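For reference, the structure is listed below as structure tokens.
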Amino acid sequence: MAAAAAHRHTKRRRLSPAPAPIDALADELLFLILDRVAAADPRALKSFALASRACHAAESRHRRLLRPLRADLLPAALARYPSASRLDFSLCARVPDAALAAVSSSSGSSLHAVDLSRSWGFGAAGLAALAGPCPDLADLDLSNGVDLGDTAAAEVARMRRLRRLSLSRCKALTDMGLGCVAVGCTDLRDLSLKWCLG
């Protein structure tokens, strides 16, 4: 009787599925696979993430660019993708100051680029929330920020490591705000001021 029970347990062990070979790969190899998949078809990354838990975890650690459609979904996206270094809000029409504060509190130290070129709803308070906790922010696009004025420019001036700044169509910006940016952002290499009337 005991031999029969032991025989049944060995069968169960043999019939249990073995872990997928992809789960045993190192992260570096999975990242190389993800680079190839993204180069061929960026939409295929979602399918890759659904293949297994290891693929899902690797894809979330690998993703560097986030393009949220709505600002209220941003905290969940930032929690899922902690390695994101670039945020593109160009598909998100309204970005309130609270969303920018959530960005700075969750992934501020790793953030390198923020694109707010087609967004509205944020002001100097949102930019102030980005300025402190995002020391490595190097690229900021505030194009079409028609309501952004000198107060917002003073907050941008606190972002000391900015290398690229776009203020195109920021019509409320004056020479005073530009002076703050010039003094504060000493590493600035590329400044776009198209259609700035102030």
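Values in this text are rule-based calculations from the coordinates and carry no lab data. Given the structure is predicted, the values throughout are model-derived calculations rather than measurements. Every residue, glycine among them, receives a Cβ derived from its backbone with ideal geometry; neighbour counts consider all protein chains shown.
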Review point. Counting Lys and Arg as +1 and Asp and Glu as -1, what is the net charge of the other residues whose Cβ lies under 12 Å from the Cβ of Ser60?
Key: +4
Exercise for review: Specify which labelled value, from (i) 1.85; (ii) 1.22; (iii) 0.95, agrees with Rg/Rh (Cα atoms, Kirkwood Rh) derived from the coordinates of the model shown.
Suggested key: (ii)
Exercise for review: At 7 Å along the Cα-to-beta-carbon direction for both Val146 and Arg80, put a label point, then send me their distance in nm to one decimal.
Suggested key: 3.4
Study note, to complete from the structure: With +1 at each Lys and Arg Cβ and -1 at each Asp and Glu Cβ, the charge dipole magnitude of the range 66-198 around its Cα centre, to the nearest 20 debye, comes out at 280
Point to revise | Net charge contributed by nearby residues that have their C-beta within less than 12 Å of Arg189 (K/R +1, D/E -1) | key: 0
Practice item. Step through the residues of the range 48-60 one at a time and calculate ³J(HN,Hα) from phi using the Karplus curve (6.51 cos²θ - 1.76 cosθ + 1.60, θ = phi - 60°), rounding each to whole Hz and writing x for Gly and Pro. Key: 4, 5, 7, 5, 6, 5, 5, 5, 5, 5, 5, 5, 6
Practice item. Counting helices only, and only those DSSP H runs with n ≥ 4, report the 222 nm mean residue ellipticity of the chain as the sum of -39,500 (n - 2.57) divided by its residues, in deg cm²/dmol to the nearest 500. Key: -12500 deg cm²/dmol
Check your understanding: Which distance in nm do the two modelled labels at Ala38 and Ser52 give, with both placed 7 Å along the Cα-to-Cβ direction?
Key -> 2.1
Exercise for review: For the range 89-102, just list the computed ³J(HN,Hα) in residue order, Karplus coefficients 6.51, -1.76 and 1.60, θ = phi - 60°, integers in Hz, with x standing in for Gly and Pro.
Suggested key: 8, 5, 8, 9, 5, 10, 10, x, 4, 5, 5, 5, 5, 5
